[in-house]
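Read the structure below first, then the notes.
Any read-out appearing in this document is the output of simple, stated calculations on the displayed coordinates, not a laboratory observation. Keep in mind that what you see is a predicted model, and the values were worked out from it rather than measured. Please note: Cβ atoms are built from the backbone with ideal geometry, for glycine as well, and neighbour counts cover all protein chains shown.
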Amino acid sequence: MHEWLANLPKIELHLHIEGTLEPELAFELAQRHQIALPYPSVEALREAYNFADLQSFLDLYYQCAEVLRDEDDFYRLTMAYLERCHTQAVTHVEIFFDPQTHTARGIPMSTVIEGIERALKEGETRFGISSQLILCILRHLDEEDALATLNAALPYRDRIVGIGLDSGEQGNPPSKFTRAFDFARAQGWKIVAHAGEEGPADYIWQALKLLKVDRIDHGVRCVEDPSLVAHLRDINMPLTVCPLSNTRLRVFHSMAEHNLKTLLDQGLRVTLNSDDPAYFGGYMLENMLAVQEALNLTQAQWRQLTKNAIDASFIDHAHQQRLHAQLDAYPDTPHCSDSA
């Protein structure tokens, strides 16, 4: 089953590019830019990846982002992620980036976008990995800052497929950003939002009703409200679930307690993703193997997760059909067709 999962064509819809910053690259860029990280070594920084909750992760995440300064840094960050994708049979990615994390430090948005996009174009040429770019709003900042960021992104309108909402969920409900997402929809951008990770099921309702999202990022706490589960199923709303992230941030105490399989069994449009893989212990394959070990999905269930991701992606129908054909052509392994 390990080998079958390793080669299964994969689609990633919930990936923060800043969250792919491995300690080795962080130290290399820190040295290049003469920045002193508050850790004596790569090993010490990696040991700091033991988080109590979402906020403890975010504190380190923003601290490490300080080393990203110029276009080449963002290119190298993104290229390193795509190289890992290539080794794990990932064929399409939809990447989040947080411009406010960088513009607040005086880094122009153009620097961020040009660096990421240069790598994405190279990744498609070298590896055949298609991609989309999603700009995320930091919810711990105010809505005026969000609106200013969206206005600043208008020159790149055609290079950004969607607008998301991320960062600390507690105390920052989707209702805080209704004007910003009204503006985003008016520009023709797709809408996604983190909701129901640490925040309550009500935040998912808000994302649906107020932000009018096309996808819910995380959404695992929907189970607290049976009427919400039924509604999500009725409207076929995609949930971009991130298992290792959820366990590392203590949303679930262990992978055995994760509700991904339950959500799938309830007919929800669940997808599997890696979120911030450098910080949470793994990329797409590592997430899949951790889920398989704990929850013992069938090959049919893994195929369904991938089909869900293809259908939930923001690519055109023809491209989706090509990805479905690629998945359909991937053979089952007879001796493990029912379980691991």
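The alpha carbons of the chain give a radius of gyration and a Dmax of 18.9, 57 Å, in that order.
Normalised size of region 59-218, defined as Cα radius of gyration per 2.2 N^0.38 Å with N residues, equals 1.03. With bins 5 Å wide beginning at 0, the percent of Cα pairs of region 1-142 falling in each bin runs 2, 9, 18, 21, 19, 17, 10, 3, 1, 0. Distance between the pseudo-spin-label points of E143 and S41 (7 Å out from Cα toward the beta carbon): 5.0 nm. Ellipticity at 222 nm from helices only: DSSP H runs of n ≥ 4 in the chain, each -39500 (n - 2.57), divided by the residue count, give -14000 deg cm²/dmol.
Across region 236-340 the C-alpha pair distances fall into 5 Å bins from zero in the proportions 2, 12, 21, 24, 21, 13, 6, 1, 0 percent.
The modelled label-to-label distance between A318 and R179, using points 7 Å beyond Cα along the C-beta direction, is 4.1 nm. May I ask you to derive the relative contact order of region 57-154, considering only C-alpha pairs under 8 Å and at least 6 residues apart, and to give it as an integer percent? The value is 35 percent. Alpha-carbon geometry of region 129-227: the Rg and the Dmax are 13.1, 42 Å, given in that order. What shape does region 13-88 have by the C-alpha gyration tensor, where a ≥ b ≥ c are the square roots of the eigenvalues, rounded means a/c under 1.5, and otherwise prolate means a/b greater than b/c and oblate the rest? In terms of gyration-tensor shape, oblate. Given a 10 angstrom Cα cut-off, can you work out which residue in Q326, Q132, Q100 is the most mobile in a GNM of the chain? Looking only at Q326, Q132, Q100, the largest GNM fluctuation is found for Q326. The value of relative contact order for the chain, using C-alpha pairs under 8 Å at least six residues apart, is 19 percent. In a fully extended conformation the segment linking R233 and E293 would gain 18.9 nm over its present Cα-Cα distance, using 0.36 nm per residue.
When each of the peptides 6-16, 297-307, 178-188, 111-121 is scored by how many other beta carbons lie within 10 Å of its residues on average, the order from highest to lowest is 6-16, 111-121, 297-307, 178-188.
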